[in-house]
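Just so it is clear, none of the values below were taken in a lab; they were calculated from the coordinates. Model, not experiment: these values are computed from the prediction. With ideal geometry, Cβ positions are generated from the backbone for all residues, glycine too; neighbour counts draw on all protein chains shown.
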């Protein structure tokens, strides 16, 4: 079978070029602005934050970074968020996770103004997603839909199975697929006969954080497989939640790891920030 490898790296690059062109053409009067808050010295988080700022610069966004000590109090982080809520230069606020254990992430994320919640984590934006109303959608699920659309993979009428029910990926991608008229099944650790359910999927989304968990016998020949997982094996290799090599030989399309879903997350963060700037300008015009 001629399997299509869905190149998230290339699609993300195309998206960034489109966003950069929109900034250059002044689709908003002000330059979109993103603020990133990093608490502590987690090495992976520092890399993620550096990459996000680098991408902001590449597309012409204004960006600010706030690095707070690991022993910062929850109230200090929340006060910073509240200040950024009022800052007219900032259209999007991103609080890099994970936060130190003494800080309750949900309280901090709920402090972010829904109008600047470009991560799509605020409960009001989650509610808008459920109601299928305009709002910010979590970046990874939004990126998955973009991958499917730009790869000309039909969603409407398809059987979609989502393995994983996290608030960040599993639940929102299930809702997005449902809104696009797929028939959606959500599977999790308590699901019985998971293998049979997965084999019924025309679109299979693996988002459980278990290395190479989805094997060839769990996948329908010709299906589209979206692998959200990023796992490091003892030998240092990065792999997804899907056993890529054998699965890729029978499916119609599949995302690799790395280079599939991952690059789309930052691209969608930029997309949401640009949208936030447009909405803010529109609201100012109405006043």
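Between 0 and 90 degrees, the angle of helix 43-59 with respect to the longest Cα principal axis of the chain falls at about 70 degrees.
What is the list of residues in the range 221-235 whose amide nitrogen lies under 19 Å from a point 7 angstrom out from the Cα of residue 195, following Cα to Cβ? Zone members listed by number: 221-223. Our estimate of slack between residue 18 and residue 54, defined as 0.36 nm per intervening residue step minus the Cα-Cα distance, is 11.3 nm. By the beta-carbon count within 10 Å of each Cβ, the least crowded to most crowded order of 28, 273, 185, 140, fewest first, is 185, 28, 140, 273.
Once you sort the root eigenvalues of the Cα gyration tensor of the range 23-113 as a ≥ b ≥ c, which label holds: rounded (a/c under 1.5), prolate (a/b larger than b/c) or oblate (the other case)?
The shape class here is oblate.
Rounded to the nearest 5, the antiparallel percentage of DSSP beta bridges internal to the chain is 5%. In the elastic network of the chain, a GNM with C-alpha springs shorter than 10 Å, the most mobile of 233, 270, 147 is 233. The calculated 222 nm mean residue ellipticity attributable to helices in the chain amounts to -13000 deg cm²/dmol, summing -39500 (n - 2.57) over DSSP H runs of n ≥ 4 and dividing by all residues.
Using only alpha-carbon positions in the chain, the gyration tensor eigenvalues give semi-axes of 33, 21, 18 Å once each is multiplied by 5 and square-rooted (largest first).
Approximating the spin labels as points 7 Å out from Cα along Cα→Cβ, the residue 5-to-residue 123 distance works out to 4.4 nm. Largest mean-square fluctuation among 74, 104, 195, in a Gaussian network model of the chain whose springs join Cα atoms under 10 Å apart, belongs to 104. Note on residue 237 and residue 29: their simple-model spin labels are 5.6 nm apart, each label 7 Å out from Cα toward Cβ. With the cut-off at under 14 Å, measuring from each backbone N in the range 26-43 to a point 7 Å along the Cα-to-Cβ line of residue 86 picks out no residue. Relative to the dominant Cα principal axis of the chain, helix 170-179 is inclined by about 80°.
Computed over the chain, relative contact order equals 22 percent, with contacts defined as Cα pairs under 8 Å that lie 6+ residues apart. As a calculated quantity, the FRET efficiency between residue 110 and residue 179 at R0 = 25 Å, using C-beta atoms, amounts to about 0.55. Shape class of the range 139-261 from the alpha-carbon gyration tensor: rounded, with the ratio a/c of largest to smallest axis under 1.5.
When each of 218, 10 is scored by the number of other beta-carbon atoms lying within 10 Å, the sequence from fewest to most is 10, 218.
Axis of helix 262-286 versus longest Cα principal axis of the chain: the two differ by about 40°, to the nearest ten degrees.
In terms of other Cβ atoms within 10 Å, 179, 122 run from fewest to most in the order 179, 122.
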